[in-house]
Amino acid sequence: MGGGIWHTPPPAVGGRPRRVPVVEVTGVRHRYHSPEGETLALDGVDLTVEEGEFVSIVGPSGCGKSTLLSLIAGLMRPAEGEVRVRGKPAALGSPRVGYMLQHDHLFEWRTVLDNCLLGLEVRRAVTPAARERVMRLLTECGLEGFARRYPAELSGGMRQRAALVRTLALDPELLLLDEPFGALDYQTRLRLEDEVGKLLKATGKTAILVTHDIAEAISMSDRVVVMSPRPGRIRRIVPIDLGGASDGPLAARRSPRFSYYFDLIWKELGT
Ligand code: ADP
């Protein structure tokens, strides 16, 4: 079996937890070509994300955050360098990768449950057990009782929850989140960040979040990647340690160290 890294994680060294890379971005440069000319979007980006980590990417608009996420999702190939997921070149349609965007892209003519089953349907994998799992996810995401409703009957926060269930229905091990809370009002956004953060940690998922919200990045992440203006380069990677076992993103905002990280990242972005 061509197992490689997927089947044989490295052994624990000296009692430390295993560090298994899920995403490896190496020397990536990416440019777009359009009638107006060439745009260098990313220039020399290196990033490794390990199993179970939550990493956020922040940076000014147009610095290449979404481009980096699209490369990891396998939607595009980098002009130079390599993007690997579990040791293999990032490829579109990998069952291990779930992608969630700011717009929920729910189909209005399908019920919430049918929207959430869509990916499984495409894979011809709608078994009774899979259906039951989706129903459980709907309950965990506060959507019990809304399975037979249509998206138009849901609030913005509920729609985004449904989109999350649809993404999780395929049980991806890596979640790519591109401003998924961006269109929500402040309170809904905080509540959803908290729920999603706790759910992903509890299920051991690896996640990469693109956001322009520094507080969101700090409260949800193990590390925050700060990018420079275009062409996007990684300016600094800030490991977040808010002290003690985290009680989730909402509690993290109340940590005395929160403002320290906020100032640090703010300064990095401002120069
Ligand atoms: P961010 O997510 O940080 O706002 P993007 O990754 O969307 O940045 O874009 C990075 C740069 O690449 C921007 O200058 C943007 O205008 C340019 N860009 C993005 N997509 C395209 C495209 N399809 N064609 C041409 N230029 C693009």
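The values are calculated or read from the model by the stated rules, or taken from the named source; none is laboratory data. None of the values given here were measured: they were computed from a predicted structure. Cβ coordinates were reconstructed from backbone atoms using ideal geometry, including for glycine residues, and neighbour counts include every protein chain displayed. With ligands, DNA and RNA removed, areas are computed over all heavy atoms of the protein, side chains included. Shrake-Rupley method; radii C 1.70, N 1.55, O 1.52, S 1.80 Å.
Assess whether residue 130 counts as being surrounded by 21 or more Cβ atoms within 10 Å (Cβ to Cβ) and touching a residue at least 12 places away in the same chain (Cβ under 8 Å). Full working, then the answer.
Values: surrounded by 21 or more Cβ atoms within 10 Å (Cβ to Cβ): no; touching a residue at least 12 places away in the same chain (Cβ under 8 Å): yes.
Spelling it out, it is not the case that residue 130 is surrounded by 21 or more Cβ atoms within 10 Å (Cβ to Cβ) and touching a residue at least 12 places away in the same chain (Cβ under 8 Å).
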message = Yes or no: segment 60-67 includes at least one residue that is in contact with a strand residue (DSSP E or B) (Cβ under 8 Å, 6 or more places away or on another chain) and among the charged types (D, E, K, R).
response = yes
task = Could you check residue 84 against (1) touching an Asp or Glu at 6+ places or on another chain (Cβ under 6 Å); (2) at pLDDT 90 or above; (3) within 16 Å of the ligand (Cβ to nearest atom) and say which number it fails?
result = (3)
query = What number of residues in segment 1-23 are outside any loop (DSSP other than H, G, I, E, B) and either open to solvent by 50 Å² or more (accessible area, probe 1.4 Å) or modelled with pLDDT under 50 (or both)?
reply = 4
inquiry  = I want to confirm something. Restricting to segment 35-77 and keeping residues that are within 12 Å of the ligand (Cβ to nearest atom), among the charged types (D, E, K, R) and assigned to a strand (DSSP E or B), which single residue is surrounded by the fewest Cβ atoms within 10 Å (Cβ to Cβ)?
reply    = 38
key: Filtered residue count, segment 182-224, keeping only those that are surrounded by 24 or more Cβ atoms within 10 Å (Cβ to Cβ) and within 26 Å of residue 111 (Cβ to Cβ)   = 1
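Restricting to segment 225-262, count the residues that are outside any strand (DSSP E or B) and either in contact with a Lys or Arg (Cβ under 9 Å, 6 or more places away or on another chain) or open to solvent by less than 40 Å² (accessible area, probe 1.4 Å) (or both). Walk me through how you get there before you give the answer.
Within segment 225-262, the first condition is being outside any strand (DSSP E or B), and the residues that meet it are 228-231, 233, 240-262.
Those left that are additionally either in contact with a Lys or Arg (Cβ under 9 Å, 6 or more places away or on another chain) or open to solvent by less than 40 Å² (accessible area, probe 1.4 Å) (or both): 228, 231, 240-243, 246-252, 255, 258, 261.
Qualifying residue count, segment 225-262: 16.
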